[in-house]
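Data first, discussion second: the structure below is written as structure tokens.
Just so it is clear, none of the values below were taken in a lab; they were calculated from the coordinates. Everything quoted here is computed from the prediction, not taken from an experiment. So basically every Cβ, Gly included, is an ideal-geometry build from the backbone, and we count neighbours across all protein chains shown.
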Amino acid sequence: GYTMANTVEYYLSKGFDHKAAEYFAGGKKKIVGVVANRDFTLTISFDNGEKRLYDMRPLLKKGTVFEPFTDMENFSRVYVDDTHSIAWDIDPNVDSNKVWNNKVDLCADECYIDSVPMN
């Protein structure tokens, strides 16, 4: 039978805002690359060929998990982890696969929804 599962209306009915509904209706995107920019934004490459700009500045606050990355040297150590999330190791000399709380990461879906397309 007919299902609304992949329509924008379906996701809106589940309480998603319009940007999120459009994203999920269009299919989840996988992050394949990330570059840290000098202005604390990230250039993110997705598996559909899109490059998008994500502004980290609203998240880089004292007293949050992102505080170490208010320093550009730390911020620039961003990488894509094995789950295709954007991640940083708080201490680069510690293996985050062994010490999970050494890693701070961002959800790929949020990164897409909250970023803007680059020309």
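Spin-label pair residue 32-residue 57: with each label point 7 Å from Cα along the Cα-Cβ axis, the two points sit 3.0 nm from one another. Comparing mean-square fluctuations of 44, 90, 31 from a GNM of the chain with C-alpha springs under 10 Å, the top value falls on 90. The phi-based Karplus calculation (6.51 cos²θ - 1.76 cosθ + 1.60; θ = phi - 60°) puts the 3J(HN,Hα) values of the range 23-35 at 4, 5, 5, x, x, 4, 10, 9, 7, 10, x, 8, 10 Hz, whole numbers, x for Gly and Pro. Shape of the range 29-117 from its Cα gyration tensor (a ≥ b ≥ c, root eigenvalues): rounded if a/c is under 1.5, otherwise prolate when a/b > b/c, or oblate? Judged from the Cα gyration tensor, the range 29-117 comes out oblate (a/c at least 1.5, b/c at or above a/b).
Of all lysines in the structure, those lying under 21 Å Cα to Cα from residue 62, and not within fewer than 8 positions of it along the same chain, are 103. The alpha-carbon of residue 14 sits under 20 angstrom from the alpha-carbons of these aspartates and glutamates, leaving out residues fewer than 8 places away in its chain: 22, 109, 110, 114.
The lysines within cross-link reach of residue 19, meaning a Cα-to-Cα straight distance under 24 Å and a gap of 8 or more places when in the same chain, are 28, 29, 30, 51.
Taking every alpha-carbon pair under 8 Å whose residues sit at least 6 apart, the chain reaches a relative contact order of 22 percent.
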